[in-house]
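Encoded as structure tokens, the structure appears first; notes follow it.
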Amino acid sequence: MKGYITIKEASVKWGLSARWINEICAKNRIPGAEQVGRVWIIPEDAEKPTKDNRVKTGAYRDWRKKYGKNKIQERKNDIEV
């Protein structure tokens, strides 16, 4: 189709994985992207999505030490008493 590119072409153009582009298409984060059957088509002039809502600061690093199974059980016991 003229004026549209596939997920594979967009992944090369934007430097992202095809799977990630498939995810953001499914979440309607690319304006004008449409699903035709099982294939997504993206307008040629679509901009690369910039915000992806992932935590990249390391804020959740070592969260198991802070909120591990034992800590959660201790909190439940404190609440019940």
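Yes or no: Lys13 at pLDDT 75 or above, surrounded by 10 or more Cβ atoms within 10 Å (Cβ to Cβ), touching a strand residue (DSSP E or B) at 6+ places or on another chain (Cβ under 8 Å) and not hydrophobic (A, V, I, L, M, F, W, C)? Yes: the conditions hold for Lys13. Selection of segment 2-61 for residues being in a loop (DSSP other than H, G, I, E, B) and touching a Cys at 6+ places or on another chain (Cβ under 6 Å) yields only Ala33. Selection over segment 14-33 of residues that are closer than 18 Å to Met1 by Cβ and in contact (Cβ under 8 Å) with a residue 24 or more places away in the chain gives a count of 0.
The values are calculated or read from the model by the stated rules, or taken from the named source; none is laboratory data. None of these values were measured; they are calculated from a predicted model. Note that each Cβ is placed from the backbone with ideal geometry, even for glycine, and that neighbours are counted across all protein chains shown.
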